[in-house]
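Remarks on the structure that follows.
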């Protein structure tokens, strides 16, 4: 199964891919038993930035009524998709792509021409050649408060050479459900980024100021969409 994860990185993060790799490493199901990281709480065997969730934060910004109009237009125009689906739906035949993209840009104009994010031609779902993301997948935390996901991680620096200046690691994580050893049960988190932000801030209220200042998110923190498989 593929799941939607959002990771909050410090606003001064420059190498996004390296930061995500550092945060995700302890939760890799592919680790050897003698790995430095524990596999007890692992939850992924493959991940890619963007992937099948590319464009989800972009879609959240649009008026639902306008999106409904776009879907109705596709129905009226008899736009068809492949009967086989792996991730996003695929327009079939592919000759429909220019027509759909043109209508999308007519209804949802931007500074540059966009591929319709609803379909798999909009990005490479496996992130090949750096084409796994589209507009909005990497944005400011303040720009995507309405986004929903199945898991969220707030990252901060680990303890390095006498200070909190080491590689980034998970400092707070929420999931919409969790395994209790027998079955999955729903958590109290509603899946919203905004709610997770408030829960994180409440969680660190009693921390020492020096440490809290190192890990505390801001509106300018970087929010990254990740597609992980387990």
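Couple of notes before you dig in:
- Principal-axis analysis of the Cα atoms of the chain puts helix 64-76 at an angle of about 40° to the longest axis.
- Fully extending the segment from residue 182 to residue 60, taken as 0.36 nm per residue of separation minus the present Cα-Cα distance, adds 40.5 nm.
- The GNM of the chain, with springs linking C-alpha atoms under 10 angstrom apart, assigns the highest mean-square fluctuation among 86, 139, 149 to 86.
- Among 144, 102, 170: highest mean-square fluctuation, GNM of the chain, C-alpha pairs under 10 Å: 102
- Degrees, to the nearest 10: 193-203 long Cα axis against longest axis of the chain: 10
- Here the stretch 22-153 has an Rg and Dmax of 17.7, 58 Å, counting Cα atoms alone.
- Based on the convex hull around the alpha carbon atoms, the stretch 113-230 presents an average projected area of 10.4 nm².
- The length gained by stretching the chain between residue 213 and residue 113 to full extension, at 0.36 nm per residue less their Cα-Cα distance, is 32.0 nm.
- The chain: C-alpha pair distances exceeding 26 Å, %: 43
- Here the Gaussian network model covers the chain, with springs between Cα atoms less than 10 Å apart; of 143, 32, 176, 32 fluctuates the most.
- Ellipsoid fit via the Cα gyration tensor, the stretch 63-122: semi-axes of 18, 13, 11 Å, each the root of five times an eigenvalue, largest first.
- Axis angle, to the nearest 10 degrees, between helix 97-107 and the longest C-alpha principal axis of the chain: 80 degrees.
- Placing a label point 7 Å from the Cα of residue 12 along the Cα-to-Cβ line, the residues of the stretch 189-210 whose backbone N sits under 20 Å from it are 208-210.
- Shown is the FRET efficiency for residue 165 and residue 86, computed with R0 = 35 Å from the Cβ-Cβ distance and rounded to the nearest 0.05: 0.25.
- Given their separation in residues at 0.36 nm each and the Cα-Cα distance between them, residue 105 and residue 126 gain 5.1 nm when the chain is fully extended.
Quick note: the coordinates plus some simple rules give every number you see, no bench work behind them. Everything numeric here is computed off the predicted structure, so don't read it as measured data. As a convention, Cβ positions derive from the backbone with ideal geometry for all residues, glycine included, and neighbour counts pool all protein chains shown.
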